[in-house]
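Colleague: Quick one: this structure, given as structure tokens, is what I'll be asking you about.
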Amino acid sequence: MSEREQRTSEAIETWNFVFPNQSNPYGNMFGGELLAIMDSTAALAAIRYSGKTVSTASVERVIFKRPIFVGDRIKTVAKVVLVGSSSMMVRTDVFVDKGGDEGDVLSTTAHFTLVAFDEDRNPVAVPELIIETDKERKHFELAEQIKSHVGRREGRIKHVVEKWK
């Protein structure tokens, strides 16, 4: 039996402008537009980490802390924070570039789960995650809590669905 490769995760960063066609009549960026950017950046982080093709399986704990407006410059940062056998949870944060003394202001955060697969679209193993810093440990622990919560929620939903069949 071969041992799984181990690897550290690196943060992937993308930048975007917010255009009028990405906003509502009040000038706020549509949440769906933002989630698409976040999903794409999360996929880049998962591909970089695993070296495989990936597909998004779920998104959890989306928190819209501050609005984003037309004309804002946004930085999206994604990093693998938890891995399973073929899945990776990627923390993805969006910052608004305020410039000057304000710098980058956290706007939105979410956790995306992506699955690595081979050319036949079968799930494939990913490397084990090496955690090196206190911040990485905190993000790992939060991701474990999210995964646990999702499992409990799915169990309750399955129970209710079975009950009402």
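Colleague: So A125 ticks every box in (1) free of Cβ contacts under 8 Å to residues at least 40 places away in the same chain; (2) within 30 Å of R4 (Cβ to Cβ); (3) not hydroxyl-bearing (S, T, Y); (4) not in a helix (DSSP H, G or I) but one. Which box is left unticked?
Modeller: (1)
Colleague: Sticking with this structure for a sec: What residue, among those in the stretch 13-27 that are part of a helix (DSSP H, G or I) and touching a residue at least 12 places away in the same chain (Cβ under 8 Å), is surrounded by the fewest Cβ atoms within 10 Å (Cβ to Cβ)? Step through it out loud before you land on a result.
Modeller: Pass one, the stretch 13-27, residues part of a helix (DSSP H, G or I): 20-22.
If we keep only those that are touching a residue at least 12 places away in the same chain (Cβ under 8 Å) as well, we get 20, 22.
Working: P20: 8, Q22: 18.
In this case the residue turns out to be P20.
Colleague: Next question. Of the residues K98, K147, K135, K158, which single one is basic (K, R) and in contact (Cβ under 8 Å) with a residue 12 or more places away in the chain?
Modeller: On inspection, the qualifying residue turns out to be K147.
Colleague: Hey, another quick one. Could we say that A42 is surrounded by 19 or more Cβ atoms within 10 Å (Cβ to Cβ), out of contact with any helix residue (DSSP H, G or I) (no Cβ under 9 Å at 6 or more places or on another chain), closer than 20 Å to K147 by Cα and touching a residue at least 60 places away in the same chain (Cβ under 8 Å) here?
Modeller: It is true that A42 is surrounded by 19 or more Cβ atoms within 10 Å (Cβ to Cβ), out of contact with any helix residue (DSSP H, G or I) (no Cβ under 9 Å at 6 or more places or on another chain), closer than 20 Å to K147 by Cα and touching a residue at least 60 places away in the same chain (Cβ under 8 Å).
Colleague: Can you find, within the stretch 1-12, the residue that is surrounded by the fewest Cβ atoms within 10 Å (Cβ to Cβ) among those that are of a type in the set (A, V, I, L, M) and in a loop (DSSP other than H, G, I, E, B)?
Modeller: Taking the stretch 1-12 first, the residues of a type in the set (A, V, I, L, M) are 1, 11-12.
Filter again for in a loop (DSSP other than H, G, I, E, B), leaving 1, 11.
Working: M1: 2, A11: 13.
Ranking the qualifying residues of the stretch 1-12, first place goes to M1.
Colleague: A further question on this structure: Can you confirm whether the stretch 76-86 contains a residue that is assigned to a strand (DSSP E or B), at negative phi and surrounded by fewer than 19 Cβ atoms within 10 Å (Cβ to Cβ)?
Modeller: no
Colleague: Would you check if there is a residue in the stretch 94-109 being in a helix (DSSP H, G or I), surrounded by fewer than 18 Cβ atoms within 10 Å (Cβ to Cβ) and either at positive phi or charged (D, E, K, R) (or both)?
Modeller: The answer is no; no qualifying residue exists.
Colleague: So K135 clears everything in (1) under 18 Å from the mean Cα position of the chain (by Cα); (2) surrounded by 12 or more Cβ atoms within 10 Å (Cβ to Cβ); (3) within 22 Å of I74 (Cβ to Cβ) except one condition, right? Which one?
Modeller: Status for K135: all satisfied but (2).
Where a number appears in this text, it was derived from the coordinates with a stated rule and is not lab data. Everything quoted here is computed from the prediction, not taken from an experiment. Backbone-built Cβ (ideal geometry, glycine too); neighbour counts: all protein chains shown.
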